[in-house]
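Scroll down for the structure; my scribbles are underneath it.
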Amino acid sequence: MNHRPEQLAPADVFYNEEEAKKYTMNSRMIEIQQEITERALEILAIPKHSPRLLLDIGCGSGISGQVLSEYDHCWVGLDISKAMLNVAADRDVDGDVIHADMGHGFGFRPGTFDGAVSISALQWLCSAEMKCQNPYKRLNKFFSSLYACLIKGARCAFQFYPSSPEQVEMITNSAMKNGFTGGLIVDYPNSQKAKKYYLFLMAGYSEEIMNEARQVIMPRAKTGDTDSEDDSD
Amino acid sequence: MKLITHNILMCNKKGCTTNNFPLKLVATNWKDLDTENAQQYNPALLQRLCEKIEWNALRQTVSTLNWGVNLPEQLSAELVQDEAFLQDLHLLLVKRQIVEGQMVCPNCERVYEIKNGIPNMLLREDEV
Ligand SMILES: [Zn+2]
């Protein structure tokens, strides 16, 4: 049985040097992260050969970022775990990584990013890292500053591991309150192991982006069998 | 940290909402990533980034870095189509990495350190 790491310790404590090393050397883990990132890109529906500027929230050691780079996108990642970021830096990932807490919101110039991805990170926002922190406030801060730094109509795909239906509601409510539209996409809903939750968001409406996306793919949940066997955070 | 990132970062400290961009950049150590390690030159990507850059902020920052780089006063539509210009911009924005240094908010003077190429934008709880 998996212990949920976000219930054991705050992210910056949990992903210490040792955990960061373990995490980046586990090839199955890397493979899953890559698959999820590919799926997130599918949901962003960026046309082929159209490199963009993307934000990677909870970028960790840059495994997801490397997939973004393979598609020629430029990316900026943020994470609260310095140990994970050091691994990213030592591997000379193509994107830039920033040490920051997503629950504090971010100081990016308004209207810059073309889209955002987040792989297995959103659930950390709901567990207060310190006694003085309020998860509702952190979620609000996160979504309001995210909305501000995206271009109009930008799409986001956030894969996460919700601990309960209430948590999903808490996250989506906060996103909608801050101007996003979209909803939850559940891939392989009938497979206990392969089931994956994606929060799909759009920052307002842009006809151009809408048309581009239609030409690529409409986000639809995946169903049926999969060869993805295990589930991990 | 690359200059493209510096060009979109603002001070995020509580109450600091005006004149908080661009952060004054001091680069004490920097390196050019070699071709295998850097993002590949891609004119379409650079053209996309050109749409986003605050040109005056970039010019101002580069002029303080003593890198011997002189940027044109304006980013014209012709320049964005110019191969040699885009190559130079690729080196400046994407390949050159600031390894150690700091950024200072022009408004509240909050200092953000850059170590091992990673800017520390983490705020204290009372700064949020
Ligand atoms: Zn400031």
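Rundown of residues vs (1) in a helix (DSSP H, G or I); (2) on the phi > 0 side of the Ramachandran plot; (3) within 8 Å of chain B (Cβ to nearest Cβ), yes/no style:
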position: A:ASN86; (1), (2), (3): yes, no, yes
position: A:ASP114; (1), (2), (3): no, no, yes
position: A:VAL117; (1), (2), (3): no, no, no
position: A:LEU125; (1), (2), (3): yes, no, no
position: A:TYR136; (1), (2), (3): yes, no, no
position: A:TYR147; (1), (2), (3): yes, no, no
Write out, first by first residue and then by second, each pair whose Cβ atoms fall under 8 Å of each other, whose residues are 6+ apart or on separate chains, and whose first residue, in region B:108-123, is within 9 Å of chain A (Cβ to nearest Cβ) while the second is more than 10 Å from the ligand (Cβ to nearest atom) and hydroxyl-bearing (Ser, Thr, Tyr).
B:PRO119/B:THR5
Exactly one condition in (1) within 16 Å of the ligand (Cβ to nearest atom); (2) without any contact (Cβ under 8 Å) to a residue 12 or more places away in the chain; (3) more than 10 Å from chain A (Cβ to nearest Cβ) is false for B:ASN70; which is it?
(1)
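What residue, of B:VAL80, B:VAL99, is more than 16 Å from the ligand (Cβ to nearest atom) and either in a strand (DSSP E or B) or within 14 Å of chain A (Cβ to nearest Cβ) (or both)?
After applying the criteria, what remains is B:VAL99.
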Residue in region B:24-57 that is nearest to the chain's Cα centre (by Cα), counting only those that are open to solvent by less than 50 Å² (accessible area, probe 1.4 Å) and touching a residue at least 60 places away in the same chain (Cβ under 8 Å)
B:LEU25
Going residue by residue through region B:22-41, is there one that turns out to be assigned to a loop (DSSP other than H, G, I, E, B), within 12 Å of another protein chain (Cβ to nearest Cβ), among the polar types (S, T, N, Q) and within 16 Å of the ligand (Cβ to nearest atom)?
no
Those residues of region A:176-196 which are aromatic (Phe, Trp, Tyr) and surrounded by 19 or more Cβ atoms within 10 Å (Cβ to Cβ), in sequence order:
A:PHE180
Condition first: among the aliphatic types (A, V, I, L, M) and closer than 10 Å to A:ILE57 by Cβ. Now tell me which residues in region A:77-129 satisfy that.
A:LEU78, A:ALA100, A:MET102, A:ALA116, A:VAL117, A:ILE119, A:ALA121, A:LEU122, A:LEU125
I'd like to know if region A:116-134 contains one or more residues that are surrounded by fewer than 24 Cβ atoms within 10 Å (Cβ to Cβ), in contact (Cβ under 8 Å) with a residue 24 or more places away in the chain and of a type in the set (Val, Ile, Thr).
no
Taking the conditions exactly as written (at pLDDT below 85, buried (at least 17 other Cβ atoms within 10 Å of the Cβ) and away from every other protein chain (no Cβ under 14 Å)), does A:THR37 satisfy them or not?
no
State whether the residues of region A:23-31 include one that is more than 16 Å from the chain's Cα centre (by Cα), under 23 Å from A:ALA100 (Cβ atoms) and open to solvent by 10 Å² or more (accessible area, probe 1.4 Å).
yes
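Residue check: is B:GLN60 assigned to a helix (DSSP H, G or I), open to solvent by 80 Å² or more (accessible area, probe 1.4 Å), more than 16 Å from the ligand (Cβ to nearest atom) and more than 14 Å from every other protein chain (Cβ to nearest Cβ)?
Considered against the rule, which asks whether it is assigned to a helix (DSSP H, G or I), open to solvent by 80 Å² or more (accessible area, probe 1.4 Å), more than 16 Å from the ligand (Cβ to nearest atom) and more than 14 Å from every other protein chain (Cβ to nearest Cβ), B:GLN60 comes out as yes.
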Scan region B:102-128 for residues that are away from the ligand (no atom under 13 Å from the Cβ), of a type in the set (D, E, K, R) and touching a strand residue (DSSP E or B) at 6+ places or on another chain (Cβ under 9 Å) and report the count.
2
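The values are calculated or read from the model by the stated rules, or taken from the named source; none is laboratory data. Note that the structure is predicted; figures quoted are calculated from it, not measured. Glycine also receives a Cβ, built like all others from the backbone with ideal geometry; neighbour counts cover every protein chain displayed. With ligands, DNA and RNA removed, areas are computed over all heavy atoms of the protein, side chains included. Shrake-Rupley method; radii C 1.70, N 1.55, O 1.52, S 1.80 Å.
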